[in-house]
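Rule-based calculations on the coordinates, nothing more; no lab input. All figures in this text were calculated on a predicted structure; none of them were measured in a lab. No Cβ is skipped: glycine too gets one built from the backbone with ideal geometry, and neighbour counts run over all protein chains shown.
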Amino acid sequence: MRQYGQYEGKIGRYLADSEPWWPTPAHPGDDAPNVVIILFDDLGFSHFGCFGSTIETPNIDALAARGLRFTNFHVTPVCSPTRAALLTGRNHHSVGMRSISNFITGFPHMTGHISNHAATVAEVLRDEGYTTFALGKWHLTPMERASAAGPYDQWPLQRGFDRYYGFLDGETDQFHPELTYDNHMIEPPRTVEEGYHLSEDLVDKAIEFVHDSKSIRPDRPFFTYLAFGATHAPHQSPPEYLAKYRGRFDEGWDVIRERWFANQQAMGLLPEGTQLAPRNPGVEPWEDLPDNQQRLAIRLQEAYAAFLDHTDAQIGRFMDALEALGELDNTLVILLSDNGASQEGGPFGVMHEMKFFNFLIETPDEAIQRIDDIGGPHSHANYPWGWAQAGNAPFKYYKQNTHEGGVHVPLIMHWPARITDGGGLRDQFHHVNDVVPTIYELLDVTPPATFRGLEQMPVTGTSMAYTLDDAAAESRKTVQYFEMHGHRGIYHEGWKAVTKHDPGTPFDDDRWELYHVAEDRSECNDLAAAMPDKLAEMIAIWWREAEEHGVLPLDDRGIELFGARFREHSPHPVDRVYRYRPPMAPMPAQASAPIGGRSWDLEASITRESGQGGVLYASGTENSGFSVFVQRDRLVFDYNCFGDHHVVESSIPVPVGASTVGVRFRRIKRDGIATVVVDGTECGTVEIPFVMNVISSIGPSVGYDHGSPVSDHYDDEFAFEGGLDLVEIRIAHGRDHEGLAESEALEAWARQ
């Protein structure tokens, strides 16, 4: 018969005149190292102890003491683009990730996923014979395609990973996460009361994956991508870690920032003469703050520190497990952050981060009423700008910005079998797209020109391998552009030009700044006016790089791109009618009916016996969301607006047998009215003082309440005990004018 595929044996008529042949499986060699990438989220240059902080990170510090600290390392200003560049070795616009994966704009630079013409390092190493694991935050799949309905082509297992355990969206609740195991959604294995925390769970699974592989195939090296939810909001950790940091930051952000800066100088992390950048706009002197504002800010910073410390402990557990296996010495560990510290807590910090995305300023006097909830399961906290600026010391600005505070982060490399300069510093300029070329060079791997039949983009990053043995080597990375939502920057041979863009402002009106960052690392001395020719040269280089790497067209849209894009062949039908039939897995918010800021109707077709109740449809968490449920034979609607519950119960009972029940929700400017309906009869209303545009990062579930209970009228899932045939949601066409204006105002404010 015709042979399909390679066969180098001989097939005769009889066994005696035939020769068997076995293909040689791919294997990178007996001495090939394991590779582990550990990625933090929203963590600034000064947050690790070994980069100046007084937050305790002993396990990370130990990696630095036995490895190398890179002090001039850069990323993109937000998470998904950094992850795309980190896993491919290309620039983020080139591979289709201009901004976060929740957005799709119709242009090649924003597809919401990594181009298939840019194979990930997992895809390449798996073909070389590595086993590959991903754990934690993914955020490289368009979220409307991240439900159980798929398509799955851009999920971790389809982009090179043999196994996956984590969450697909940009953030999740650390005590009640939306978990995906391989290609399916699961519930957390334990409850908060049983001591559950996501960071611990991720490391449990990382150790399990490695044990599974090494126990059976000890010859096969592994590639592990461990991307914690830490230290992105919500800042949550076990109570003993919160207690550990009580009183540690009472001196305030000015004193703490100066102390961390002094530590950085003493450690030699900055060029001599580096200045501490001036206070960012909107950050007030600590001594001028009212007492409640100080108390709230301190507690929010304590929660952040506890979260980081707890994550460090999990890294220590993972390293100990590798040590016990005898694998740590020959494991290349690369540890970094995806962008600088976040500005999304606003000027005061927030008990509920989603208030930021609803343009709600939560005053310290309001938030202080629940100060003891901060850091636990009853909060979704983020710290204020002052603490974010301290975390980015000595730099200015934050995540989202192309100034150093947004893009300059710590990087640690640990590989005892190869690195001999333990505790050494490396000050060469490098960028996140240089990590994969470094791995390829150290492993002697050549990325394919064609992968799965597709021509591959060139790997454009610059390997850092040359720095391992030569601290004084001249940087081989001479140029790197930056761009995010219109903010732009260009590095070239020790110089940097940068502009902070205001949304809606013509790009040609942006004011460019010029810094000699080889000497002025913290961008304090703007030379634009004194050196106009040099500035013009740098701007020209930016446009050249933008053309080459697919940055154009410039696009300053951001948060307004969230939500449904009503069209055919998507989770969002053009008629705006959604029909859900349980049993169903929970849905990511962006794949479900987009009720935020809109008027809508919900109808559920049910059958029940007397006394049977439970949730029909719920979305969000105990911190914000809504739930429709039957309890004590009445239909109940609970609209949980950041802990303020607006509840209505039907004045008539839900019939025994078959019935149709639901809610009619009408937005009126910023407020609204919700009416419960039983078999067509309106039987109760409640006024909604504020209609949330962005409700939660946790999406809905049908027939039960997934995650933490949205309503305080019940505990746990409160699954519906009767028969639930169909939940139908009809979205009103268009959005309230004031809602759009509010969203646009939020977008402008969020970029400040």
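Structural remarks
- When Val678, Val479, Val75 are arranged by Cβ crowding within 10 Å, least crowded first, meaning fewest neighbours, the order is Val479, Val678, Val75.
- Among Asp601, Asp427, sorting on how many other beta-carbon atoms sit within 10 Å of each Cβ, with the fewest leading, yields Asp601, Asp427.
- Over 25 Å apart at the Cα level, from the set Lys355/Lys399; Lys137/Lys669; Lys396/Lys477; Lys477/Lys534, are Lys137/Lys669.
- With at most 14 neighbouring Cβ atoms within 10 Å, loop GluC sites (Glu not before Pro) (DSSP) excluded, longest segment of the chain: 273-473
- Between region 184-207 and region 629-670, the Cα center-to-center distance that results, in Å: 33 Å
- Here the Karplus relation 6.51 cos²θ - 1.76 cosθ + 1.60, evaluated at θ = phi - 60°, turns the backbone of region 692-701 into coupling constants of 6, 7, 10, 8, 6, 7, 9, x, x, 9 Hz, with x for every Gly and Pro.
- DSSP bridge pairs, the chain: antiparallel proportion in percent, nearest 5: 75 percent
- Each principal axis of region 670-715 carries a Cα extent, and these read 31, 28, 17 Å when sorted largest first.
- In region 32-88, the inverse of the mean reciprocal separation of distinct Cα atoms equals 13.0 Å; this is its Kirkwood hydrodynamic radius.
- Whole-angstrom gap from region 276-299 to region 308-366, using each part's C-alpha centre: 22 Å
- For region 360-374, 3J(HN,Hα) per residue [Karplus equation, 6.51 cos²θ - 1.76 cosθ + 1.60, θ = phi - 60°, Hz, x = Gly/Pro]: 9, 8, 8, 6, x, 5, 6, 5, 5, 5, 10, 4, 6, 7, 4
- Mean-position separation - Cα centroids, region 494-515 and region 139-182, in angstrom: 35 Å
- D (Stokes-Einstein, µm²/s), Kirkwood Cα radius, region 196-312, 0.890 mPa s at 25 °C: 139 µm²/s
- Table column - 3J(HN,Hα) (Hz), region 63-70, Karplus curve with 6.51, -1.76, 1.60, x for Gly and Pro: 4, 5, 5, 9, x, 10, 10, 9
- Expressed as a whole percent, the proportion of Cα-Cα pairs in region 563-750 lying more than 27 Å apart is 22%.
- DSSP-defined antiparallel bridges as percent of all bridges, region 34-477, nearest 5: 40 percent
- Enclosed volume per residue, in Å³, of the convex hull spanned by Cα atoms of region 480-559: 97 Å³
- In region 34-477, the C-alpha radius of gyration followed by the widest Cα-Cα span (Dmax) gives 20.7, 63 angstrom.
- Over region 301-437, the fraction of Cα-Cα pairs per 10 Å bin, rounded to whole percents and listed from the shortest bin up, is 10, 30, 30, 20, 9, 1.
- When Ile315, Ile216 are sorted by how many other C-beta atoms sit within 10 angstrom of their C-beta, beginning with the fewest, the order is Ile216, Ile315.
- Rounded to the nearest 20 debye, the dipole size of the chain about its Cα centre is 1380 debye, using +1 on the Cβ of Lys and Arg and -1 on the Cβ of Asp and Glu.
- The aspartates and glutamates within cross-link reach of Lys205, meaning a Cα-to-Cα straight distance under 13 Å and a gap of 8 or more places when in the same chain, are Asp182.
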